[in-house]
Amino acid sequence: MAASTAAAPGARAPSRPTRSHLWHRLDRAASPYLYLSPFFLVFGVFGLFPMLYTGYVSFTGWRADRAGSSADWVGLENYRKLLDDPFFWNAVKNTLGIGVLATVPQLLLALGLAHLLNYRMRGRTLLRLGVLLPNVTSVAAVTLIFVQLFGRDFGMINWALSLVGVEHLDWQAGTLSSWTAIAVIVTWRWTGYNALLYLAAMQSVPFELYEAAALDGASRWRQFRSITVPMLRPTILFTVIVSTIGALQLFGEPMLFSQQQDPTTGGSQHQFQTLALYSYNQFWGRFKYGYGAAISWAMFLLIVLVAAVNFLAARRMRGVE
């Protein structure tokens, strides 16, 4: 007997999705990427492409004073030269030295300043705006003012030191003195910015924790060490990484601090020439595009390495706790 496959009365065949329904689904799936596409387009044109192209140039012997040299493929020769270049290692030393002198005091001062701004006081909104002013001031204006303050003969800092019996210092002549002066400029510009980041994180800490600690007899200092700092650890990690990256890219402050005819040399003995200055000097001072690109990529790899070490160290500390 033949089997009957007749459909049940009243049953409807599944309808195909309409065009408007398909368009709605496509809009929901694709619209987030369309909103983000301007950023990726700008980043690709002005960030990713220059970085990759600079990487390509670093494998060539391109020089502006040699016609046709842009096609000279030299492989890793520029990077081999870096390893034997004393000026490159001097720039690495200067960059790391200034970075440490600028980053550590800057973040410690920012943490203390944020703690003070977190108290309820009169005019605290005005004070919070005031600490951000150095960051929005032009780096050229700030550095030129500090150059006058650190002047050897008529600078106010040497005048203040003379009041306590310290002889006038030539801040630009010595290695440590020039590092210190540039670090002071960087610290003055970025302390307020980091303080506001810490302040925003402090205001998210539950007030009940402080009340419970006060009932247990904990002092303000103990509350700060045992409650505030642990709760701010993610923000502290962020500022350490960002400040380290910024310190390794120092360019404007040391360049404007120099009084030499060629400011990219970083002083008469290259005592404060950073990696960014050295790369610029090779690019536009000596027109060695291939070698300058290799320095830029070495600086990029150093930044990645230092940021990774900071991240892994912080992660290890969290694991131990």
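How do 209, 48 rank when sorted from fewest to most other Cβ atoms within 10 Å of their own Cβ?
Arranged by neighbour count, lowest to highest, 209, 48 become 48, 209.
If I model a spin label at residue 34 and residue 137 as a point 7 Å from the Cα along the Cα→Cβ vector, what separation in nanometres do I get?
For the pair residue 34/residue 137, the computed spacing is 4.7 nm.
So how many Å³ per residue does the convex hull of the Cα atoms of region 73-144 work out to?
161
Pulled fully out, how much extra length does the chain show between residue 233 and residue 52, if you take 0.36 nm times their separation in residues and subtract their Cα-Cα distance?
Working: separation 181, 0.36 × 181 = 65.16 nm, distance 3.44 nm.
That works out to 61.7 nm of additional length.
Report, in debye and to the nearest 20, how large the dipole of the chain comes out about its Cα centre when Lys and Arg carry +1 and Asp and Glu carry -1 on their Cβ. Present the calculation step by step, with values, prior to reporting the outcome.
On the way: 25 positive and 15 negative charges, 267 e Å.
Once rounded to the nearest 20, the dipole reads 1280 debye.
Using the Cα gyration tensor of the chain, with a ≥ b ≥ c the square roots of its eigenvalues, what is the shape: rounded (a/c below 1.5), prolate (a/b larger than b/c) or oblate (neither)? Intermediate results must be reported in sequence, preceding the final value.
Values: a/c = 2.67, a/b = 1.32, b/c = 2.03.
Because a/c hits 1.5 or more and a/b fails to exceed b/c, the chain counts as oblate.
Once every DSSP H run of n ≥ 4 in the chain is given -39500 (n - 2.57) and the sum is divided by its residues, what mean residue ellipticity at 222 nm do you get, rounded to the nearest 500 deg cm²/dmol?
Taken over the chain, the calculation gives -20000 deg cm²/dmol.
Roughly how many nanometres apart are two label points built 7 Å out from the Cα toward the Cβ at residue 93 and residue 226?
Roughly 4.6 nm, to one decimal.
Computed from the coordinates by the stated procedures, all read-outs in this text should not be read as laboratory data. Bear in mind that the values here come from a model prediction, so they are computed numbers and not experimental data. Positions of Cβ are backbone-derived with ideal geometry, glycine not excepted, and every protein chain shown enters the neighbour counts.
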